[in-house]
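A.B. asks: Structure in structure tokens, see below.
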Number of protein chains: 2
Amino acid sequence: MLPERVYAALEDVVGKENITASKEDLLCYSYDATNTTFMPDAVLFPATAVEVSRVVEIANTEKFGLIPRGAGTGFTGGSLAVFGGVVLSTERMKSVIEIDEENLTAVVEPGVITWEFQQDVEAVGLFYPPDPTSKKTSTIGGNIAECAGGPRAVKYGVTRDYILGLEVVLPTGEIISTGTSTMKGVVGYDLTRLMAGSEGTLGIITKATLRLIPKPEKVITMLVSFLDVAAAAAAVSDIIAARIMPSTLELIDAFSIKCIEEYDPERLKNVGALLIIEVDGISEAADKAAERVEEVCGSAGATGFETATDKHDVKNLWKARRSISPALFKLKPNKINEDVVVPRSRIMELMTGLERIGTERRLIIACFGHAGDGNIHMNIMYDRNNIDEATNADMAVKEAFELTLSLGGTISGEHGVGTTKAKYLDMELGPVEVALMQRLKSMFDPNNILNPGKIFSGSASDKKVPAPAF
Amino acid sequence: MLPERVYAALEDVVGKENITASKEDLLCYSYDATNTTFMPDAVLFPATAVEVSRVVEIANTEKFGLIPRGAGTGFTGGSLAVFGGVVLSTERMKSVIEIDEENLTAVVEPGVITWEFQQDVEAVGLFYPPDPTSKKTSTIGGNIAECAGGPRAVKYGVTRDYILGLEVVLPTGEIISTGTSTMKGVVGYDLTRLMAGSEGTLGIITKATLRLIPKPEKVITMLVSFLDVAAAAAAVSDIIAARIMPSTLELIDAFSIKCIEEYDPERLKNVGALLIIEVDGISEAADKAAERVEEVCGSAGATGFETATDKHDVKNLWKARRSISPALFKLKPNKINEDVVVPRSRIMELMTGLERIGTERRLIIACFGHAGDGNIHMNIMYDRNNIDEATNADMAVKEAFELTLSLGGTISGEHGVGTTKAKYLDMELGPVEVALMQRLKSMFDPNNILNPGKIFSGSASDKKVPAPAF
């Protein structure tokens, strides 16, 4: 529990109605998508950068951890108070300050919900591509902190690629501006992108200037069936190798298909894997790309090819895709979700390798995700109360990471390291790289106030995590 | 001069034929595009990251500055030995190690010439967009260190956007890997983009993994004439506001037009400003975009509109564009070239403001550049031996930066800070931001070995520049 002195100091900054330590409230800020819970000591709802800065100063004086939190949809525990401390929610900082239609830029506060922002910009013919599957709930601030991706990253890139500048409160309390409002800028070091994907450990984002692009004139959505996942994975490689640039190229394996809500047994009979493919651009370009996708998929052995003919169809298709992740719990009560990435030509090896690991470990490993950029979400399903299954699940994660790295890949494409991947950090990064990153963290945050226990918690920095003051 | 002991130690690393301290050789590595010269104490040509690492270790032991150098085409003195020291040329590290046609990636050494690499990838139907005007000479390593842009940045982004991973020798000698070989990756802090644009002050790039995209099927190049620069600038804003995404949108003012080689007085009669506009994509998309560009330019008062009909035409047009910068010396013997950027809707205000400054200071300020992303190359022409002109030129730079910043812009879009902009750094960045960047520099390079005197030389870090040991 927070000492009264600290509570009063924080209350003085944000106001009585914007701080809570009631058990019911704390519970609401104790979880994320990892299915684990850690109770914070308090939750704060500051409204401005100045308030955030004053809170950070108190945290440095009193030496407690501050955990920035958007919507808490992360898959790696980035917003969890693993050592207690105070959760700093950006919920009240939710203004779209400006959409500049002449310059194709926008200025937003961190608590803006990504999907709502996208609706706003699309209403004026503009487009903000990053589309994490959580977008209907997750926030721009959280997306930036994690460098979120999504299905459209294959063509449009990730959150990092749409940030022009940031306002950030440093872990030592100073408010800084990074980057520019312009399309280009190379004055000084790139602090903007150092913040992107830093998982709330180097600063708290209080404002972002984002780059927008014209909204594509036409989008064509296709659903392509294959007998098995190997054939679908081969089609993914063939599409990329054929120099087609789809705006989305999603793969869904058989386990995942079975979990889709509204699962239509008749329609999906004998379907061992699906690709959802979107192409976009001006009308003629989209049509031409769709034709070429159909050709390549045909040659790769597709057994079915449908084009979504109206908005309703498309909406249902994506609803089904988004439903996979939660629906997997039909298979088993617990899930380990990892978002590995391999070079696109190695997807087939990854998928067959994961199948082998699943068989050997007697586990269901359901795979789906952004195959177009080699980013597969592998979901190891197990029962936590079954010690044998839990042990095998743990071993399967390690084996899957070994496989991924042996194929030239990375253990996280968009979810980050957080707490869940921290113990595997050394598998991908060398000791010199980890030490350099830890020196960076220490330089920014000498008291280790900001989001302690994340990224490096499995390594030497463990020792530096402050004992919660209360 | 290098002490014999040091020379021998360096020779031992790179071999006798790959080190020189002869005056003739040093002269060749004493200049860049800033038209100033600084003689280094020696020039080294290492061939591998291990050699670079050993050289860096010697520099730390003997405390002398190391200045990494690509082709020396920079406009801000980034590759100059302003305090003496040893130039480390990447000339011998010029292998294209791999072009992976399946995964649309390439691995190159830093000394690869950008244009040659582009020819290689285009030969297999792929595309590496970053195209600094120096591309026929400049290197990938130099482009990364400066985060080079170019005409195509308006659609395709800058060098930073095409780097997946790097091999870097740190200023303390360790060889690190950053980033991934995959399209996505968020494991740990983004050291890749921290290196991009760090102007050789945080590390020496020894290898880069680059992202490629499919080569556009068709490119249409248009030359559009206007009565004056205000009309052309308005057309630029109109094109962006009309949601057209040209692949190039270059503006050339009247002074620059006069300097173009092969200047055709008949053809360019009454032309006060030109736009070179390119659109690309699949054939139908390019055609449609070109039509829309013609419409918008017509409404904006274009007095002439030509489409380059064959490759020869296009080549000549770009040759003329590239010839402007050197040809400006026809006007005056000295030039200050600055690459300011403003939001695209403010280009007209920038151009008219620069015209006013030129009139008031009795100087020719010739402007051209990447108007599509708001990045204008302003060239203040003067005679260094005329004290009055030289003083006015200096004042004009400051006034132009004040104007740029008042319009929401930045003082450098792609050239970097180097030495020439260092004294203006504080105009754009606040003291907290500069101090943070200096702490970063000190953390990476405690002995200030790497490229001393750059970025921060006008500020507090001056004191930290090591006295050359010899």
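The values are calculated or read from the model by the stated rules, or taken from the named source; none is laboratory data. Here the structure is a predicted model, which is why all the values come from computation and not from measurement. Backbone-built Cβ (ideal geometry, glycine too); neighbour counts: all protein chains shown. To get the accessible areas, we keep the full protein, side chains included, count just its heavy atoms, and leave off ligands, DNA and RNA. Shrake-Rupley method; radii C 1.70, N 1.55, O 1.52, S 1.80 Å.
A.B. asks: In sequence order, what are the phi-derived ³J(HN,Hα) couplings for region B:399-413 according to the Karplus relation 6.51 cos²θ - 1.76 cosθ + 1.60 with θ = phi - 60°, rounded to whole Hz, with x for glycine and proline?
C.D. replies: Result, ordered by residue: 5, 5, 5, 4, 4, 4, 5, 5, 8, x, x, 9, 7, 8, x Hz.
A.B. asks: Assign unit charges at the C-beta atoms only (+1 for Lys and Arg, -1 for Asp and Glu), then state the dipole size of region A:318-470 relative to its Cα centre in Debye, rounded to the nearest 20.
C.D. replies: Numbers: 20 positive and 18 negative charges, 95 e Å.
Dipole about the Cα centre, nearest 20: 460 debye.
A.B. asks: Put +1 on the Cβ of every Lys and Arg and -1 on every Asp and Glu Cβ in chain B; which of B:367, B:422, B:229 then has its Cα farthest towards the positive end of the dipole?
C.D. replies: B:422
A.B. asks: Excluding residue B:46 itself, calculate the net charge of residues whose Cβ lies under 15 Å from the Cβ of residue B:46, where each Lys or Arg counts +1 and each Asp or Glu counts -1.
C.D. replies: Numbers: positive: B:16, B:54, B:69, B:92, B:94, B:207; negative: B:11, B:12, B:17, B:51, B:57, B:91, B:109, B:167.
Net charge in that neighbourhood comes out at -2.
A.B. asks: In nm, give the distance between the simple-model label positions of residue A:17 and residue B:241, each being 7 Å from the Cα along the Cα-to-Cβ direction.
C.D. replies: Reported label-point gap for residue A:17 and residue B:241 is 4.1 nm.
A.B. asks: Relative to the Cα centre, what is the charge dipole magnitude of region A:63-195, using +1 at the beta carbon of each Lys and Arg, -1 at the beta carbon of each Asp and Glu, and rounding to the nearest 20 debye? Please list the in-between numbers first.
C.D. replies: Working: 11 positive and 15 negative charges, 115 e Å.
That gives a dipole near 560 debye.
A.B. asks: Next question. Would you mind getting me the FRET efficiency between residue A:329 and residue A:115? Use the beta-carbon distance for r and R0 = 30 Å, nearest 0.05. Numbers along the way, then the final one.
C.D. replies: On the way: r = 23 Å, r/R0 = 0.78.
Efficiency, rounded to the nearest 0.05: 0.80.
A.B. asks: Further, regarding this structure: Dipole magnitude of chain A about its Cα centre, charges +1 at Lys/Arg Cβ and -1 at Asp/Glu Cβ only, in debye to the nearest 20?
C.D. replies: On the way: 47 positive and 64 negative charges, 144 e Å.
For this selection, approximately 700 debye.
A.B. asks: Chains B and A: what accessible area do they bury, summed, in square angstrom to the nearest 100, with a 1.4 Å probe?
C.D. replies: Details: alone 20300 and 20290 Å², together 33890 Å².
Adding both sides of the contact gives about 6700 Å².
A.B. asks: Of A:270, B:334, A:205, whose Cα points farthest to the positive end of the dipole of the protein assembly as shown (charges on the beta-carbon: +1 Lys, Arg; -1 Asp, Glu; origin at the Cα centre)?
C.D. replies: Most positive-ward Cα: A:205.
A.B. asks: By how many nm would the segment from residue A:439 to residue A:254 grow when fully extended, if each residue of separation counts as 0.36 nm and the alpha-carbon distance is taken off?
C.D. replies: Numbers: separation 185, 0.36 × 185 = 66.60 nm, distance 4.45 nm.
Once the chain is fully extended between residue A:439 and residue A:254, it gains 62.1 nm.
A.B. asks: I need the shape label for region B:287-381. Rule: rounded when a/c is under 1.5, else prolate if a/b > b/c, else oblate, with a, b, c from the alpha carbon gyration tensor.
C.D. replies: Cα axes put region B:287-381 in the oblate bin.
A.B. asks: Something else now. Keeping all protein chains in position, work out how much accessible area residue B:291 exposes to a 1.4 Å probe, and write it in Å² to the nearest 10.
C.D. replies: Surface open to solvent at residue B:291 totals about 120 Å².
A.B. asks: Select from region A:268-289 all residues whose loss of accessible area on going from the chain by itself to the full protein assembly reaches 10 Å² or more (probe 1.4 Å).
C.D. replies: Correct list: A:282, A:284, A:285, A:288.
A.B. asks: In square angstrom, what is the accessible area per residue of chain B with a 1.4 angstrom probe? All intermediate terms of the calculation are to be shown ahead of the outcome.
C.D. replies: Numbers: 16940 Å² over 470 residues.
On a per-residue basis, 36 Å².
A.B. asks: Among B:401, B:9, B:35, pick out the residue whose Cα is farthest towards the positive end of the charge dipole of chain B, where Lys and Arg carry +1 and Asp and Glu carry -1 on C-beta, about the Cα centre.
C.D. replies: Comparing the listed Cα positions along the dipole, B:401 ranks first.
A.B. asks: If you don't mind, another one. Here is the link list: A:184/A:215; A:218/B:319; A:23/A:332; A:94/A:423. Which ones come out longer than 27 Å on Cα distance? Show your work: numbers first, answer last.
C.D. replies: Working: A:184/A:215 21 Å; A:218/B:319 37 Å; A:23/A:332 30 Å; A:94/A:423 34 Å.
Exceeds cut-off: A:218/B:319; A:23/A:332; A:94/A:423.
A.B. asks: Report, by chain and number, residues whose modeled amide H sits under 5 Å from the one on residue B:377, excluding near sequence neighbours (fewer than 5 apart, same chain).
C.D. replies: When sequence neighbours closer than 5 places are left aside, the close amide H contacts are B:368, B:369, B:370.
A.B. asks: Further, regarding this structure: Once you wrap a convex hull around the alpha carbon atoms of the protein assembly as shown, what is its projected area averaged over all directions, in nm²?
C.D. replies: Details: hull surface 151.4 nm².
Average projection, Cα convex hull of the protein assembly as shown: 37.9 nm².
A.B. asks: Same structure, new question: Enumerate the calculated ³J(HN,Hα) couplings along region B:103-113 in order (Karplus 6.51 cos²θ - 1.76 cosθ + 1.60, θ = phi - 60°), each rounded to whole Hz, writing x wherever the residue is Gly or Pro.
C.D. replies: For region B:103-113, the Karplus-derived couplings read 9, 6, 9, 9, 10, 9, 8, x, x, 5, 6 Hz, x marking Gly and Pro.
A.B. asks: At a cut-off of 50 Å², which residues of region B:224-243 become less accessible once all protein chains are present than in their chain alone, using a 1.4 Å probe?
C.D. replies: B:243
A.B. asks: Consider a paramagnetic label point 7 Å from the Cα of residue B:383 along Cα→Cβ; state which residues of region B:326-353 have an amide N under 20 Å from it.
C.D. replies: Those under the cut-off are B:327-337.
A.B. asks: Starting from the 7 Å offset along Cα-to-Cβ, what nm value, one decimal, do you get for the label separation of residue B:295 and residue A:137?
C.D. replies: The two pseudo-label positions are separated by 4.4 nm.
A.B. asks: First compute the accessible area of chain B with a 1.4 Å probe, then give the percent of it belonging to carbon and sulfur atoms.
C.D. replies: On the way: 8760 of 16940 Å².
Using a 1.4 Å probe with all protein chains present, chain B comes out at 52 percent carbon and sulfur.
A.B. asks: Using a simple spin-label model with points 7 Å from Cα along the Cα→Cβ vector, what separation in nm is obtained for residue B:266 and residue A:124?
C.D. replies: 4.9
A.B. asks: Let me ask something else about it. Over the alpha carbons of region B:105-188, what is the largest minus smallest coordinate on each principal axis, giving the biggest first in Å?
C.D. replies: Extents along the principal axes, in whole Å: 34, 26, 24.
A.B. asks: So, one more: Once the other residues with Cβ under 14 Å from the Cβ of residue B:242 are scored (Lys, Arg +1; Asp, Glu -1), what is the net sum? Numbers along the way, then the final one.
C.D. replies: Values: positive: A:215, B:243, B:288, B:292, B:344; negative: A:101, A:102, A:217, B:238, B:291, B:294, B:295.
Local net charge: -2.
A.B. asks: Would you mind getting me the FRET efficiency between residue A:39 and residue A:227? Use the beta-carbon distance for r and R0 = 51 Å, nearest 0.05.
C.D. replies: Working: r = 48 Å, r/R0 = 0.95.
Efficiency computed from Cβ-Cβ geometry: 0.60.
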